[in-house]
Amino acid sequence: MAKIAAVIVAAGSGTRAGRADVPKQFRPVGGETMLRRTLAAFADVNTVDIIQPVIRREDGDLYRVAAAGFAILPPVVGGTTRQDSVRAGLEALAAHAPDIVLIHDAARPFVSAALIARAIESVAETGAAIPALTVTDTVKSVDAIGHVDKTLDRSALRLIQTPQSFAFKPLLDAHRKATMQGRADFTDDAALAEWAGMSVAMFEGEPANIKITHPEDFMRHEAQAVSQLNDVRIGNGIDVHAFGPGDHIIIGGIRIAHNQALTGHSDADVGLHALTDALLGALADGDIGSHFPPSDPQWRGASSDRFLKFAVERVTARGGMIAHLDLTIVCETPKIGPHRDAMRAAIAAIAGLDVGRVAVKATTSEKLGFTGRGEGIAAYATATVRLPGS
Ligand code: MG
């Protein structure tokens, strides 16, 4: 059996994709970073034995989050050009002596298992193969002042994607030769392979395998990914905790000084408990008590962000996303208003959401009932969850 490796090139600074602070491969597309989607696409294909990511040195922290949980090689640091970065990946793979290597850009997160399989199949014939699309638009060349020079014969043109697949040793040799001869201007590995005298075959690319370059690409694909999550669920959750002696309460993920504390088995964060139940409700997946029994001593004094994170992970595991969290807190004291935005930020951070998707509201109960008598705090939560349509 041929040993198959993949180099995932994620070493770009991605300034064209809008936000200068986070390179595009670390920006989310439909709730997941582009790089994580790309790594998952390759990790899911059993025939790919080794995955070698290439990143920028300064992106180490972003990388660790994006790659968490995947059984892949530690990243190597890329160079100043794409060609340098690919070569760094190939040199790192040399110790593993793969037979075949696929080179793929992290900016193409929609690569399918079928396309990866075609790349592997096609390389066997010639030692080098690249995915290509026919050109359906008319293509013209232009002169220096932007006037049409001529109309090109589109039947002879192809749009080239990645993954590009190669016999490993010849491609490594070609990269080394190019570096030795001071050639650093190849924009893809096929161009370098052609220069080195390799014959490059083509296989059918995929229109959906687009390269994300511009901010509008992000928005279009965010919208596309979200629209596929059309099983929309609303869950609600209610929780109550009683006051007892103490000098602060934990609520909505933050600590508020108060002349009493909330009593309970965990940290008694009534807000996060209601939100956890709302998410589990939307999933029809039990409740906080069934997943974290109060009888289990390991949850004594537990920080409730663990419960909320657990529920969020259940949504992610179903391929879904949280569209909105809405929490209402009912108490006479303490005053919640001054802490509202801190709670929203804390909840958003725990749930991995934009703060614009988290609402916190508060009301008294006009001195009526147990909340009105100051005996405890009640919290009501609603979660809107989008799951993949069936
Ligand atoms: Mg509770």
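Below is a table of values for the structure above.
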{"item": "Nearest-20 debye value, the chain charge dipole, Cβ charges on Lys, Arg, Asp, Glu", "result": "380"}
{"item": "Stretch gain in nm, segment THR47-GLU32, where the contour uses 0.36 nm per residue and the Cα spacing is subtracted", "result": "3.0 nm"}
{"item": "Ranked list, fewest to most other Cβ atoms within 10 Å of each Cβ, for ASP153, ASP267", "result": "ASP153, ASP267"}
{"item": "Within-14-Å neighbourhood charge of LEU35 [Cβ basis; K, R +1; D, E -1]", "result": "+4"}
{"item": "Distance (nanometres) between label positions extended 7 Å along Cα→Cβ at GLU332 and GLN181", "result": "8.6"}
{"item": "Computed FRET value (nearest 0.05) for ARG306 with THR151, which takes r as the C-beta separation and R₀ as 56 Å", "result": "0.35"}
{"item": "VAL232-ALA124 FRET efficiency (beta carbon distance; Förster radius 41 Å; 0.05 resolution)", "result": "0.35"}
{"item": "Choice from ASN46, ASN230, ASN209 showing the highest fluctuation, given a GNM over the chain with Cα pairs closer than 10 Å", "result": "ASN46"}
{"item": "Long-range lysine pairs (8 or more apart or interchain), the chain, Cα under 17 Å", "result": "6"}
{"item": "Burial ranking of peptide ranges 86-92, 135-141 (average Cβ count within 10 Å, highest at the top)", "result": "86-92, 135-141"}
{"item": "Cβ crowding within 10 Å averaged over residues, with 329-338, 380-389 ranked highest first", "result": "380-389, 329-338"}
{"item": "Full-stretch length increase - HIS248, SER295 - with 0.36 nm per residue and alpha-carbon distance subtracted", "result": "14.4 nm"}
{"item": "Nearest-ten-degree value, helix 340-351 long axis tilted from longest Cα axis of the chain", "result": "50"}
{"item": "Rg [Å, one decimal], Dmax [Å, integer] - the stretch 33-170, C-alpha atoms", "result": "17.6, 52"}
{"item": "Among THR151, PRO74, SER13 - extreme Cα towards positive end, dipole of the stretch 4-225, charges at beta-carbon", "result": "SER13"}
{"item": "Within the stretch 4-225: Cβ-based charge dipole about Cα centre, in debye rounded to nearest 20 (Lys, Arg +1; Asp, Glu -1)", "result": "340"}
{"item": "Per principal axis, descending, Cα span of the chain in whole Å", "result": "84, 51, 39"}
{"item": "Extreme residue, positive dipole direction of the stretch 231-387, given options HIS324, ILE234, ALA379 (C-beta unit charges)", "result": "HIS324"}
{"item": "Nearest 10 degrees, 0 to 90: helix 113-126 Cα axis against the chain principal axis", "result": "20"}
{"item": "Beta bridge orientation in the chain: antiparallel %, DSSP, nearest 5", "result": "65"}
{"item": "Label point distance in nm, PHE370-ASP341, each placed 7 Å from Cα along Cα→Cβ", "result": "3.4"}
{"item": "The stretch 231-387 - charge dipole about Cα centre, Lys and Arg +1 at Cβ, Asp and Glu -1, debye rounded to 20", "result": "260"}
{"item": "Estimated distance in nm for a label pair at ASP84 and THR263, the labels positioned 7 Å out from Cα along Cα-to-Cβ", "result": "6.6"}
{"item": "Angle in degrees between helix 305-317 and the longest Cα principal axis of the chain, rounded to the nearest 10", "result": "40"}
{"item": "Order of LEU157, LEU115 - criterion: other Cβ atoms within 10 Å of each residue's Cβ, fewest first", "result": "LEU157, LEU115"}
{"item": "Ranked list, fewest to most other Cβ atoms within 10 Å of each Cβ, for SER266, SER227", "result": "SER227, SER266"}
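Where a number appears in this text, it was derived from the coordinates with a stated rule and is not lab data. In this text, all values refer to a predicted model and were calculated from it rather than measured experimentally. Don't worry about glycine lacking a Cβ; one is built from the backbone with ideal geometry, like all the others, and counts go over all protein chains shown.
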